[in-house]
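The values are calculated or read from the model by the stated rules, or taken from the named source; none is laboratory data. Quantities reported herein were computed from a predicted structural model and do not represent experimental measurements. Positions of Cβ are generated from backbone atoms using ideal geometry, with glycine treated the same way; all protein chains shown enter the neighbour counts. Heavy atoms of the whole protein, side chains included, go into the accessibility calculation; ligands, DNA and RNA do not. Shrake-Rupley method; radii C 1.70, N 1.55, O 1.52, S 1.80 Å.
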Amino acid sequence: DAGVIQSPRHEVTEMGQEVTLRCKPISGHNSLFWYRQTMMRGLELLIYFNNNVPIDDSGMPEDRFSAKMPNASFSTLKIQPSEPRDSAVYFCASSLGLDEKLFFGSGTQLSVL
Amino acid sequence: AQSVTQLGSHVSVSEGALVLLRCNYSSSVPPYLFWYVQYPNQGLQLLLKYTSAATLVKGINGFEAEFKKSETSFHLTKPSAHMRDAAEYFCAVSEAGGGNKLTFGTGTQLKVEL
């Protein structure tokens, strides 16, 4: 079991650029979550999907942020345009169901200059 | 709305000593409570979870936590610290039935000294 796979591990970009973060959940898991970790705000839930359908995106900070899950094995989180305050570690996590054990990926460290 | 408060952003213990990491919760409905551990440059890993069954919950790596409704607390303990326990620990809460829609505390960095 490869676990939740996120790419890239590190991303450095300039303000105004589009950033796409990718996530491959554990095979067979039906629920996928995107969390963001910053020093100032700690860990925050951005959005989560169940059976590829977005259930709650109330944590998405602005319209600049969007997330998709085109199939059960892939999700993206896009920021367009990016800003320095978006710098954070973005975690993807998956679970068999909404109440089942949550498995986190290793995260993407995003730096927006 | 629900929240958790972790008292002490940094805790230092000697190897072999008791580990006590504090977490208090606020929830208007019966909560589910969690402890996660994060090692450097890694994602979070579930240590244990309380879902209104037994109030004393045993987790991995020798950790346990006790749900105390009267104190609105869910403190994490381990009788004897090991060097490998050095990590950041997060308490989290969700509403019963809220699944993995978690609200996290600010974390406690545990340092284990020889």
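Odds and ends about this structure:
- Residue satisfying all of: in the stretch B:70-90; within 29 Å of B:VAL29 (Cβ to Cβ), more than 11 Å from chain A (Cβ to nearest Cβ) and touching a residue at least 12 places away in the same chain (Cβ under 8 Å); most open to solvent (accessible area, probe 1.4 Å) among these: B:GLU71
- Verdict on A:SER7 being at pLDDT 95 or above and polar (S, T, N, Q): yes
- Candidate set: the stretch A:50-79, residues that are within 14 Å of chain B (Cβ to nearest Cβ) and out of contact with any Asp or Glu (no Cβ under 9 Å at 6 or more places or on another chain); chosen: the one surrounded by the most Cβ atoms within 10 Å (Cβ to Cβ): A:MET60
- Scanning the stretch B:1-13 for residues that are in a strand (DSSP E or B) and open to solvent by 60 Å² or more (accessible area, probe 1.4 Å) gives B:THR5, B:LEU7, B:HIS10, B:SER12.
- All of (1) surrounded by fewer than 20 Cβ atoms within 10 Å (Cβ to Cβ); (2) touching a residue at least 12 places away in the same chain (Cβ under 8 Å); (3) not charged (D, E, K, R) hold for B:LEU110 with one exception: (1).
- Strands (runs of 3 or more DSSP E) within the stretch B:56-114 that include 1 or more residues under 10 Å from the mean Cα position of the chain (by Cα): B:64-68, B:73-78, B:87-95, B:108-113
- In a residue-by-residue description of the stretch B:26-47, the property of being touching a helix residue (DSSP H, G or I) at 6+ places or on another chain (Cβ under 7 Å), within 12 Å of another protein chain (Cβ to nearest Cβ) and under 24 Å from A:GLY42 (Cα atoms) applies to at least one position.
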